[in-house]
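What follows is a short report on a single structure.
What follows is calculated from the coordinates using simple rules that are stated; it is not laboratory data. Note that the coordinates shown come from a computational prediction; the quantities given were computed from them, not determined experimentally. Note that we place each Cβ from the backbone using ideal geometry, even for glycine, and neighbour counts take in every protein chain shown.
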Amino acid sequence: MKKFLLAALLASVATSALASDLPTRKAPPAPTPVYAPPTFTWTGFYVGVNGGYGIGSGSGSNFGNPSGGLIGGTAGYNYQIGQFVAGVEGDVDWADMTKSGTNPIVGAYKTDINTLATARARAGFAVDRALLYVTGGYAGAETNVNIAGFGSQSDWRNGGVIGAGLEYAFTNNISAKAEYLYAPLESKTYDGVKSNTDLSLVRAGLNYKF
């Protein structure tokens, strides 16, 4: 009996020693988490600055077509569904658009446009961070006409605006744009002479999206 117990004990020790020599089977380490930045979207409110150049054009008897620089602020909202982006945008610009000359009917004149404002809808097609868009809506301008022998008269001219542009997002919050707008404004009459002013605006802008 003692021999049997001794043999069993030796067999157990040998089995344990053999098991300790076998390679261990441990689960592989968990993979390191990979950071995935949030998917970019055009959806959101934004504010920005814009600047550019405006060129006036008109038809019939008028007091010149003022041209000059402009700079101002922008605010808007976009909503993206798939690659389609719709939104609204408004801006107010200070302008230094002037023209002086002589009209054959009233003589010497000077025309100034000091303020421009638009309120527009936008619709575009997004290709990743690039947005091609068309836009249209309301435009208005503060116009001052000074005529020798008649005096000075200031008016706010209402009108419409259409245009197109390209905007690109450099980060999830910052984007830059370039656009062209055409704004035909209502006519006004000064000293019996009708004045027509249509504006072509070329602008660039920088926006911050919240």
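Return 46, 109 ranked ascending by Cβ neighbour count within 10 Å, so the fewest neighbours appear first.
Ordered from fewest to most neighbouring Cβ atoms within 10 Å, 46, 109 come out as 46, 109.
Packing order of peptides 89-100, 149-160, 170-181, highest average first: 89-100, 170-181, 149-160 (average count of other Cβ atoms within 10 Å over each peptide's residues). Take the Cβ atoms of residue 98 and residue 49, set R0 to 22 Å, and the FRET efficiency comes out at 0.45.
Over the range 148-210, the reciprocal of the mean inverse Cα-Cα separation, the Kirkwood hydrodynamic radius, stands at 14.6 Å. On full extension, the segment bounded by residue 125 and residue 83 gains 14.6 nm, given 0.36 nm per residue less the C-alpha separation. Taking a straight Cα-Cα cut-off under 13 Å and skipping sequence neighbours fewer than 8 places away in the same chain, the aspartates and glutamates within cross-link reach of residue 188 are 142, 155, 198.
Based on alpha-carbon positions alone, could you give the equivalent ellipsoid semi-axes of the range 52-209 from the gyration tensor, as √(5λ), descending, whole Å?
Square roots of five times the eigenvalues give 36, 13, 11 Å.
The magnitude of the dipole of the range 85-157, with charges of +1 and -1 set on the Cβ of Lys/Arg and Asp/Glu and taken from the Cα centre, is near 160 debye.
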